[in-house]
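Only one structure is covered here, and it is reproduced in the block below.
Nothing in this text is a laboratory measurement; each read-out follows from the coordinates by a stated rule. Treat the numbers as computed from the prediction; the structure is a model and nothing was measured. Counting neighbours? That spans all protein chains shown, and the Cβs are built from the backbone with ideal geometry, glycine included.
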Amino acid sequence: MKCGKCGAEIPEGSGFCGSCGATAGSGGAKGQAQYSQWWASTSALVTRDPVVVVVGIGVVLLCLGAFLPWVSMPHAADTLGLQVTAGPVVLAVGAIIGLALMLARGGTPGAWSMVILVLSVVELALVFQAMINLDDMEYLDYVDASIGAGLYVAMVGGFATGCGGLLETMRILKK
């Protein structure tokens, strides 16, 4: 048997490596096995149900986008998404989409996939409306501000949840 830490040969029945003193069976092999097991279970989930992964990532991005800056100013405090009118609504829609995903996996997936799709369109409309309103305000030009990363993160989350809802709808229609 070889040592997992240094690679030296360990005699059978020995509990420790004579070279480095590590216990037999310890080292990188255990961490490697745990990583391999995690990767196998993750890839099995993606293969078995990609909609959960796509919509799940989208929901996380939607909720994260509400806490990030929607207006960035170089010499002042940024305006977070929750401080803009549409921000809390985007956060709530993200949470509702996550709930709809859980309900889709427990009951009637066809109906809930349409709910996810419609809510994603509503969320994208809110984000684009907020982006247009912020861009049209002369305030942004006056203080040399720009649209912040939170709005873009929420937009990507909306696209991801919309794609997940579309994938689920297509899967249902194929049956």
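For the stretch 30-129, the spread of Cα coordinates along the three principal axes comes to 49, 40, 16 Å, biggest extent given first. Working note: Karplus 6.51/-1.76/1.60 with θ = phi - 60° gives the stretch 90-104 the couplings 4, 4, 5, 5, x, 5, 5, 5, x, 5, 4, 5, 5, 5, 5 Hz, where Gly and Pro are set to x.
Taking the number of Cβ atoms within 10 Å of each Cβ as an exposure proxy, the fewest-first ranking of GLU123, GLU168, GLU12 is GLU12, GLU168, GLU123.
Given a Förster distance of 35 Å, report the FRET efficiency between ILE147 and VAL118 from their Cβ-Cβ distance, rounded to the nearest 0.05. It would help to have the intermediate numbers written out before the result.
On the way: r = 26 Å, r/R0 = 0.73.
E between ILE147 and VAL118, to the nearest 0.05, is 0.85.
Within the listed set TRP112, TRP38, TRP70, the residue fluctuating most in the Gaussian network model of the chain (springs between alpha-carbon atoms under 10 angstrom) is TRP38. Here the Gaussian network model covers the chain, with springs between Cα atoms less than 10 Å apart; of ALA66, ALA40, ALA160, ALA40 fluctuates the most.
Amide H contacts under 5 Å for GLY4: GLY25, SER26, restricted to partners 5 or more places along the chain or on a different chain, H placed in the peptide plane at 1.01 Å from N.
A cysteine counts as unpartnered when no other cysteine's C-beta lies under 4.7 Å of its own; in the chain this applies to CYS63, CYS163.
Taken about its Cα centre, the chain carries a charge dipole of about 1100 debye when Lys and Arg each add +1 at the Cβ and Asp and Glu each add -1 at the Cβ. Residue-wise HN-Hα couplings along the stretch 7-21, as the Karplus relation 6.51 cos²θ - 1.76 cosθ + 1.60 with θ = phi - 60° gives them from phi, are x, 6, 6, 10, x, 4, x, 7, x, 9, 7, x, 7, 10, x Hz; Gly and Pro carry x. On full extension, the segment bounded by ALA92 and ALA76 gains 3.0 nm, given 0.36 nm per residue less the C-alpha separation.
Backbone amide hydrogens, once placed in the peptide plane, bring PHE16 within less than 5 Å of ALA24, excluding anything fewer than 5 places away on its chain. Expressed as a whole percent, the proportion of Cα-Cα pairs in the chain lying more than 22 Å apart is 59%.
Shown is the FRET efficiency for LEU99 and TRP39, computed with R0 = 41 Å from the Cβ-Cβ distance and rounded to the nearest 0.05: 0.90.
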